[in-house]
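Rule-based calculations on the coordinates, nothing more; no lab input. Please read all numbers here as calculations on a predicted model, not as lab measurements. Here Cβ is always computed from backbone atoms with ideal geometry, including for glycine, and neighbour counts include all displayed protein chains.
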Amino acid sequence: MNEPSASIEAAFAHYRDGRLADAIEIAEQALRSDADNAGALHLLGLAAAAVGRPGDAVSYYAKALLSAPAAAEIHTDLAAAYLTLGAAEDARAQAGRAAALDPGLGPAHYNLGNALFALGDAAAAAAAFQDALQTEPGNDAFWSNHLFALNFSASATPEKIFQRNRAWGEMAEAEAGKVSVPPVSEAEGPLRLAYYLPELDSHVTPRFLEPVLRAHDLDAFQVRIYGSHSGAGGAPSFVPEGIAWVDAGGLTEAQLARRMRADAVHILIHPCTFKARYRRLLSHRPAPVQMAAINLVSTTGLRATDYLLTDAFVDPPGASEQFYIEELIRLPAFNTYRIPEAAPDVGPLPAAANGFVTFGSFNNPAKLSPGTVLAWTEILRAVPESRLFLKHRALDDADVAARLLSQFTGAGIDAGRILMEGFTADGAAYLDVYNRIDMALDPFPFGGGTTSYEALWMGVPVLSLTGKTFMGRLTAALMGRLALAEWTAADESGYVNSAVALAADLDALAGLRAGLRERARTSLFDGAAFTRSLEAACQDVWRRYLENR
């Protein structure tokens, strides 16, 4: 590609400063004299993407590449547009080309990782994100996706997950600088708790947190939520009366930490540390006591996180402490979940009418590791005429669906036995799909969270392989709390054998299905019981803090 003219450089400067109209005007003027000006076309593609027109962006980028086929940045931006459109395979091809053209271009590796993750190859995605970090070691987006993808990778050991999270934590701590613990001016009165919910409408944390908020003892605790969402800034509907909402939109982590210090928060409970970039607030020490809880996947990697809430099954005493920088507090349960009030009734066992068993998984295809697919293939071989129903929004991408299907057909499973379905917008209609499956299969090493809770509410038991990592033990912990230990397996052969044996007893499946919702209601979905244990833990750590300060 020829060197861009001064006018195109000026247009890009306008774009970076957010002056889209000025940038577009210069680019369009350049195209009037040179219809193939790659720089101008690239800029118009960026502008189209910025205003939510990824299809137009693809057209501009593709035309730009006709004049500048070796322009790595354009290939990279084209990959990003394809990802927005849900065309993961096209994104992979473009990002791979960009990375080959310019191995030092971090966003190329980053988009390659995002495409690979969307296609279900978590191990390769984690490696691509690590390649991105080689180019920009301090890039938080690269770190966040790398650490998240590691949890999905069958090759990532608990030791590696800890080490990589700690490496990120050391970087975040260095950037935050030395931060003192906020002083406590008073110890009397209600204990002041704070929850932090950034970008709350982009993840499922409110489903876990709402029953806690509704069960808090507001005589003993003063509760605030500091959060942000895409709405008008008011409190979201799941925040009950009596709990204060503080709009944190637009505040940096340092500014929000100062606000929390000014509000004299005693304990910060961070309920969504599953993304590294959400954790940075902890490094600024906004509260004397800080804990990670509720929706997490690993250690936070930050010394400023004093505690992490888990349970004795997810993190067995004496066998897991070395994988956390935090002190572990083992509650009777690691979290709870909002009862889906709009859920339809639990239907009869589908196999009774179908004449065959339907296994199912509504998990992200990125969780379907090679070992998971192999085990499910063996189950289908061992249970004649059975079906496997896979449902997730990612399956709306034809490339993702085709790639996944090929893994089964390549192993000799007839394509007609694999049922796939994409996104269902209506919540009740989505849950009603569970009435079409007899039993759910949990993927490994990263098992289900929301999908396991929802399956159980809909009367569908979940077979799980008890793994070695935090995310590999969650569903097994749920089944244990339901006193259904036979639905957990210690290894892959046991997982396959259990699936075959459980599927063979339709009467037992039907009986379990009929009573599973009520069984779950009084255990897994008992938000009040979970909240009492959380509050007791908060009171205990606060007492310890006051004694030791």
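The simple Förster model, with R0 at 45 Å and r as the Cβ-Cβ distance, assigns ALA411 and SER59 a FRET efficiency of 0.70.
Each Lys or Arg adds one and each Asp or Glu takes one away; over the other residues whose Cβ falls under 14 Å from the Cβ of ARG214, this sums to -3. Since only THR488, PHE423, GLY511 are under comparison, the one whose Cα sits farthest along the positive direction of the charge dipole of segment 419-549, derived from C-beta charges on Lys, Arg, Asp and Glu, is THR488. By the helix-only formula, in which each DSSP H run with n ≥ 4 contributes -39500 (n - 2.57) and the sum is divided by residues, the chain has a 222 nm mean residue ellipticity of -15500 deg cm²/dmol. Choose one of ALA411, LEU46, TRP245: the residue whose Cα lies farthest towards the positive end of the charge dipole of the chain (beta-carbon charges +1 Lys, Arg; -1 Asp, Glu; about the Cα centre). Checking the options against the dipole of the chain, the answer is TRP245.
Place a +1 charge on the Cβ of each Lys and Arg in segment 105-171 and a -1 charge on the Cβ of each Asp and Glu, then give the dipole magnitude about the Cα centre in debye, rounded to the nearest 20. Before the final figure, lay out the partial values.
On the way: 3 positive and 6 negative charges, 26 e Å.
In debye, rounded to 20, segment 105-171 gives about 120.
The distance linking segment 89-115 with segment 164-217 is 35 Å (Cα centroid to Cα centroid, whole angstrom).
When Rg and Dmax are taken over the Cα atoms of the chain, they come to 25.1, 76 Å. Computed over neighbours whose Cβ is under 13 Å from that of PHE525, the net charge equals +2, Lys and Arg +1, Asp and Glu -1.
Backbone geometry of segment 385-401 corresponds, through the Karplus equation with coefficients 6.51, -1.76 and 1.60 at θ = phi - 60°, to 3J(HN,Hα) couplings of 6, 5, 10, 10, 9, 10, 9, 5, 4, 4, 6, 5, 7, 4, 5, 5, 4 Hz, x marking Gly and Pro.
Can you give the direction-averaged projected area of the convex hull of the alpha-carbon atoms in segment 350-524, in nm²?
9.2 nm²
Placing unit charges on the Cβ atoms of the charged side chains and taking the dipole of segment 88-182 about its Cα centre, the candidate lying farthest along the positive direction among ASN114, PHE162, ALA93 is PHE162. May I ask for the distance between the Cα centers of segment 135-162 and segment 1-58, given as a whole number of Å? So the separation of the two Cα centres works out to 34 Å. Quick check: net charge around HIS284, other residues with Cβ under 12 Å of its Cβ, Lys/Arg +1 and Asp/Glu -1? Once positives and negatives cancel, what remains is +4. Summing Cβ point charges (Lys, Arg +1; Asp, Glu -1) relative to the Cα centre of segment 350-524 gives a dipole of roughly 360 debye. About its Cα centre, the dipole of the chain is roughly 840 debye, where the only charges are +1 on Lys and Arg Cβ and -1 on Asp and Glu Cβ.
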